[in-house]
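Structure first, then comments.
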Amino acid sequence: MIDTSLVLLAIALAAAPFYIVVATRNRLVALDQRCETAFADIDAHLKHRQNLIPGLVETVRGYAKHEHDVLLSVIQARTAALAAIQPEARLEAEKNLTQTINALIGAAERYPELKASSHFTALRDEFVAAENRITASRRFYNLSVGEYGATLRQFPGSLIARLWKMQLRKPFDLGIERVLIDEPVAFKF
């Protein structure tokens, strides 16, 4: 007669690898989804920043007519960022947009009457807030990417990832070195 405890032990030993595979796959999927959600947050903040650009350009244009090249480069960078779809192209376009916005704000700082404009000050403050939100969202995304990547590289995640062709994600960096929370401008000049 077969001992029922041996049968239960055999079933448990046979089910353990299946459970490990399912649990690891579910964790990887959940971490991947967290990365997607975090990137969507960044995307929303980047779109908000892009929507602020026309107002900033028009305000600067009214005071700094001689800065035509800087204004044109911001408009072109915004157009490229809006058109970029692939993640790598999007990252490059957003980096370029950040640099051109920094150049525009830097150029605007040379015009005292523009700096004194309440409309410009409000737009600049809105850009500071937008950059701070982008930075916070980017940090959360990069933490999510790090956790996902670590799980992909650990055993048994590495095997599961290979089976389901799961790929590492790249961190998102716009080249913003610092964000000022209490000061009026969050851009590096």
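No value in this document is a laboratory result; all are computed from the given coordinates. For clarity, every value in this text was computed on a predicted model and none was experimentally measured. Every residue, glycine among them, receives a Cβ derived from its backbone with ideal geometry; neighbour counts consider all protein chains shown.
Going by C-beta contacts inside 10 Å, put His66, His119 in order with the fewest on the left. Display every interim value, and only then the final one.
On the way: His66 10, His119 14.
In increasing order of surrounding Cβ atoms, one gets His66, His119.
Straight-line reach from Lys65: taking Cα to Cα under 22 Å and skipping same-chain neighbours fewer than 8 places apart, the lysines in range are Lys115. Across Phe155, Phe127, Phe39, mean-square fluctuation computed from a Gaussian network of the chain (C-alpha pairs under 10 Å connected) peaks at Phe155.
With the convex hull built on the Cα atoms of segment 4-163, state its orientation-averaged projected area in nm².
Working: hull surface 47.9 nm².
Dividing the Cα hull surface by four gives the mean projection, 12.0 nm².
Helical runs (DSSP H, four residues minimum) scored at -39500 (n - 2.57) apiece and divided by the length of the chain put the mean residue ellipticity at 222 nm at -27000 deg cm²/dmol. Remark: Ser158, Ser73 ranked as Ser158, Ser73, counting other beta-carbon atoms within 10 Å and listing the fewest first.
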